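The values are calculated or read from the model by the stated rules, or taken from the named source; none is laboratory data. Note that the structure is a prediction, hence the values are computed from the model and not measured. Every residue, glycine as well, gets a Cβ built from its backbone with ideal geometry; the counts of neighbours run over all protein chains shown. Quick note on the areas: whole protein, heavy atoms, side chains included, nothing else; ligands and nucleic acids left out. Shrake-Rupley method; radii C 1.70, N 1.55, O 1.52, S 1.80 Å.
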Amino acid sequence: CATSRPPTPSVALAGDTRLAPWPCHNALITPTDATVARNYHAIVIDPVSIPESPAGDALSAEQRTALAARLHTTLAKECAAFHPVTDQPGEGVLRLKTTVSSVRVSKPMLNAFTTLLIFVPVDMGGAGVEFELVDSVSGQRLAACVSDHGGSPFQVISALRKTGHAEAVFHCLSREFLDRTLGQPTPCAREERTARQTPSLGQTVADADLRR
């Protein structure tokens, strides 16, 4: 997931002492046993929360809403590799709660200039992300993770969008968290994953407000 930073102070999981270091990921995590995850057959995905930071945000409320919708779509694609996505909680159904605790935007115009001049962007964005996987009926936690990463100069396309690196980080962290907690995706989903280009690296998002 490109460059890593110390995890940001937890927003949704504040004060939780069950979180432990996740080696090589610069993250805090409480993983579930893979045998437990196999007892579930579907997953509910709560809307992604992007609260306004106390210091003020580089994104407006409308921009945060649009970004949250795109991140929710990313989660739905990743979760579908493991379980069908549903909107109905029930027995044998997981619930995934996600909070983006920080969004660091990049400067597209500056990055476009330096990419032309020295072939790499110089202003990296990134994001802090929290995931919590619970039983949809009892609310019992099965896994949780707090992490924070920055973009990479090699993610040139992402650097040309204001939230490109934040979205790239989210995509990477969500995939790693689900792989760690739910085991391996189904064979068909694994093949589709390999064939599908990472949206945050190669997809152009027509969102003028987020490019400003």
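Among the residues of the range 126-147, those identified as of a type in the set (Asp, Glu) and more than 10 Å from the chain's Cα centre (by Cα) are GLU132, ASP135.
Scoring GLN63 on the criteria (1) open to solvent by 30 Å² or more (accessible area, probe 1.4 Å); (2) modelled with pLDDT under 90 leaves a single failure, condition (1). Which residues, taken from the range 158-174, are within 16 Å of PRO121 (Cα to Cα), open to solvent by 10 Å² or more (accessible area, probe 1.4 Å) and of a type outside the set (Lys, Arg)? Result: LEU160, single match. Residues that are in contact (Cβ under 8 Å) with a residue 24 or more places away in the chain and closer than 15 Å to GLY92 by Cβ within the range 140-156 comprise just one, LEU142.
Taking the range 102-152 as the search range and keeping residues that are in a loop (DSSP other than H, G, I, E, B) and crowded, with 19+ Cβ neighbours inside 10 Å, which one is modelled with the highest pLDDT? So the residue we want is SER136.
In the range 47-67, the residues that are assigned to a helix (DSSP H, G or I) form Cβ pairs under 9 Å with partners that are at pLDDT 85 or above and of a type in the set (D, E, K, R), at six or more places apart or across chains, as follows: GLN63/LYS162; LEU67/GLU167. ARG95 meets the conditions (1) within 17 Å of ARG38 (Cα to Cα); (2) in contact with a helix residue (DSSP H, G or I) (Cβ under 7 Å, 6 or more places away or on another chain); (3) basic (Lys, Arg) in every case but one. The failed one is (2).
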